[in-house]
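The values are calculated or read from the model by the stated rules, or taken from the named source; none is laboratory data. Bear in mind that the values here come from a model prediction, so they are computed numbers and not experimental data. All Cβ positions, even for glycine, are placed from backbone atoms using ideal geometry, and neighbour counts span all protein chains on display. What goes into the accessible areas is simple: the full protein's heavy atoms, side chains included, and nothing from ligands, DNA or RNA. Shrake-Rupley method; radii C 1.70, N 1.55, O 1.52, S 1.80 Å.
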Amino acid sequence: CINAIATHNKFISCMNDYFLPFANTSKYVFTQNRSAYASLVSTQHNPRCSNSTASKKPVGIVTPQNTAEIRAAILCSRQNGLQVRVRSGGHDYEGLSYLCKTPFIIIDMRNLRWITIDIKQETAWVQSGATLGELYYLIAKESQTHGFPAGICPSVGVGGHFSGGGFGAMVRKYGLAADNVIDAYLIDVKGRLVNRETMGEDLFWAIRGGGGASFGVIVSWKIKLVRVPPKVTVFNVHKKMDRHNTKIVHRWQHVAPRFQNELFIRVVIQYIHDDKNTPIQALFNSLFLGELKDLIPLMNESFPELGLEPEHCIEMSWIESVLYFAGFSRGDPPEVLLGNETDPYVSYFKAKSDFVTKPMPKHVFKEIRKKFIQQKLVFLIMDPYGGRMSEIPESRIPFPHRKGNLYNVQYLVKWEVNGVQASNKHIHWLRALYRYMQPYVSKNPRSAYLNYRDLDLGTNPHTNTTYSEARVWGEKYFKRNFKRLAQVKSSVDPDNFFRNEQSIPLH
Ligand code: FDA
């Protein structure tokens, strides 16, 4: 305890030394004796993580307003033997942006959320603390024919999302968010502010999909905006998972990755409480970057089994489709994208992911149906790849899941009751489902998506975890790119200061 107070005092005095006489650290350094501390600590999307870990409380939470304050936080942490956790949107599935087992501080990017759009150049600068919703909103304010291909949930933070890949409903047309990043500002372990030119192509490669937390604090990103038509078409078709409709889901695997790039149809299998006879339902949730008149003939030709009718479909602007996918009601104003105070996505959950390279046999979907009846608050989300994703080489950025992958699967279980027992029950169930799926998904390695972080895949056992130890989990996320990531890590952070349970090791 005495040690903790001493560390805390030394950290504060170091921060003061850096800023005085220019500023007052009390505006952006929150320690346990400050009333704002508790509310800043509790900003998290998955309270399971805080319950199930031996995490310490952060010595301080720094909410920088500029790069000098980030620099000071990094240097003062290093000087005082503290770890750093960087939080942008706080959506990390395992809480790695705000939990740590050794003394640490959080650098919380909430005040760095500035976005500047340049429609003429078709680019934007966006700071890491902004949310996807804010980015989409501001793009649409400037232009009805531009958008950005990133995730579906508007409260997700740009910082973690872009640095881990990031995909949404335009993935088949334009690839990942990280594929569309063209520059970035980062503060490195020595406190230097570098951009693409000064950080070099290796580090710039690494932060687009390799996870930012291993390499520094990414302050802002320059992105290439993409073109969207003035009118797009969306639909939600619900199918009860009876014998006939299970065949449609099976068929979807064959067609969804091969449609023209403008068409994205994902499938969400879930339990519907109000139907006792057939409680498992498959939702076909789609964005078509074009008009209804072109969608219907396309569907009749390539996926007639779905039985899509014009009345299932709605034409709208791209920004309205963002709201539609995020689950807002028709007619809600786009401003709803700006608020995350009452974020509907906060819940206890555990998720895992897979990539599918060969269509799964029909009996797998029947078995999934049976298993879901036992569990209830559970989702299987299948996002089609193909299109642009198959054109980008595996080594272009660290995210390697390209040609040959038909779709990504996310398994997600939620629960409402707090407590270790409740958590264990649901997590066990999910792990059993994951084991069952093994024969039907990618192999050698069985791949996973970094942004659906899963500590079950393996963790760094100690501070100096070697490259070969970390390969257990690293190659699942990055395949052959893991080696290059470790080499970049060794050259930019040779003392492994920026580390966590799944940070890139030295090579
Ligand atoms: P958070 O702040 O927790 O950061 C995640 C990781 O990145 C941490 O390791 C953190 O330290 C690091 N980091 C964050 N900011 C950094 C910075 N500035 N510099 C360096 N490192 C930084 N994904 C997807 O691809 N498509 C989707 O549609 C969705 N939808 C979705 C919905 C919901 C409800 C959740 C909870 C999550 C998703 N995701 C997703 C997953 C999401 O992309 C993933 O969790 C991101 O890492 C979240 O980024 P945040 O900045 O919000 O998280």
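How many percent of the accessible area of region 350-507 is carbon or sulfur, using a 1.4 Å probe? That fraction is 50 percent. Using +1 at the C-beta of Lys and Arg and -1 at the C-beta of Asp and Glu, which of 112, 36, 88 has the Cα lying farthest in the positive direction of the dipole of region 33-128? Of the options given, the answer is 36. Legend: distances between Cα atoms for 57/443; 362/425; 101/366; 222/350; 101/350; 350/370; pairs beyond 30 Å are 57/443; 101/366; 222/350. Here the extension length gained between residue 56 and residue 244 equals 62.5 nm, from 0.36 nm per residue of separation less the Cα-Cα distance. Projecting the Cα atoms of 76, 99, 12 onto the charge dipole of region 2-111, computed from C-beta unit charges around the Cα centre, puts 99 farthest toward the positive end. Taking the Cα centre of region 115-227 as reference, the dipole from Cβ charges on Lys and Arg (+1) and Asp and Glu (-1) amounts to some 180 debye. Rounded to the nearest 20 debye, the dipole size of the chain about its Cα centre is 1580 debye, using +1 on the Cβ of Lys and Arg and -1 on the Cβ of Asp and Glu. In a reduced charge model with +1 at each Lys and Arg Cβ and -1 at each Asp and Glu Cβ, region 389-490 shows a dipole moment near 300 debye about its Cα centre. Expressed as a whole number of Å, what is the distance separating the alpha-carbon centroids of region 217-238 and region 106-135? Taking the Cα centre of region 217-238 as reference, the centre of region 106-135 is 14 Å away.
Which of the GluC sites (Glu not before Pro) across region 256-310 are loop residues per DSSP, with 15 or fewer other Cβ within 10 Å? Of the GluC sites (Glu not before Pro), the ones in loops of region 256-310 whose Cβ has at most 15 other Cβ atoms within 10 Å are 291.
Roughly how many percent of the accessible protein surface of region 227-271 is carbon and sulfur, given a 1.4 Å probe and a whole-percent answer?
Exposed carbon and sulfur together represent 44 percent of the surface.
Indicate the gyration tensor shape class of region 371-507 (rounded, prolate or oblate), computed on the Cα atoms with a ≥ b ≥ c the square roots of the eigenvalues: a/c under 1.5 is rounded; otherwise a/b larger than b/c is prolate and the rest oblate. Verdict is oblate for region 371-507. Calculated accessible area for the chain comes out at 42 Å² per residue, all protein chains present (probe 1.4 Å; ligands, DNA, RNA ignored). Extending 7 Å from Cα along the Cβ direction at residue 443 and again at residue 121 yields two label points whose distance is 4.9 nm. Ranking 462, 448, 423 by Cα position along the charge dipole of region 394-465, where only Lys, Arg, Asp and Glu carry charges on their C-beta atoms, puts 448 farthest toward the positive end. Sort region 2-111 into rounded, prolate or oblate with this rule: let a ≥ b ≥ c be the square roots of the eigenvalues of the Cα gyration tensor; rounded if a/c is under 1.5, and if a/c is not under 1.5, prolate when a/b is larger than b/c, oblate otherwise. Prolate is the answer for region 2-111, as a/c is 1.5 or above and a/b outweighs b/c.
Quick check on the chain: take the gyration tensor over C-alpha atoms, sort the square-rooted eigenvalues as a ≥ b ≥ c, and tell me if it's rounded (a/c under 1.5), prolate or oblate. Because a/c hits 1.5 or more and a/b exceeds b/c, the chain counts as prolate. Computed over protein heavy atoms with a 1.4 Å probe, the carbon and sulfur contribution to the accessible area of region 68-198 reaches 48%. Can you give the relative contact order of region 387-452 as a percent, counting alpha carbon pairs under 8 Å and 6+ residues apart? Relative contact order of region 387-452: 19 percent. A helix-only calculation puts the chain at -9500 deg cm²/dmol for mean residue ellipticity at 222 nm, using -39500 (n - 2.57) for each DSSP H run of at least four residues, averaged over all residues.
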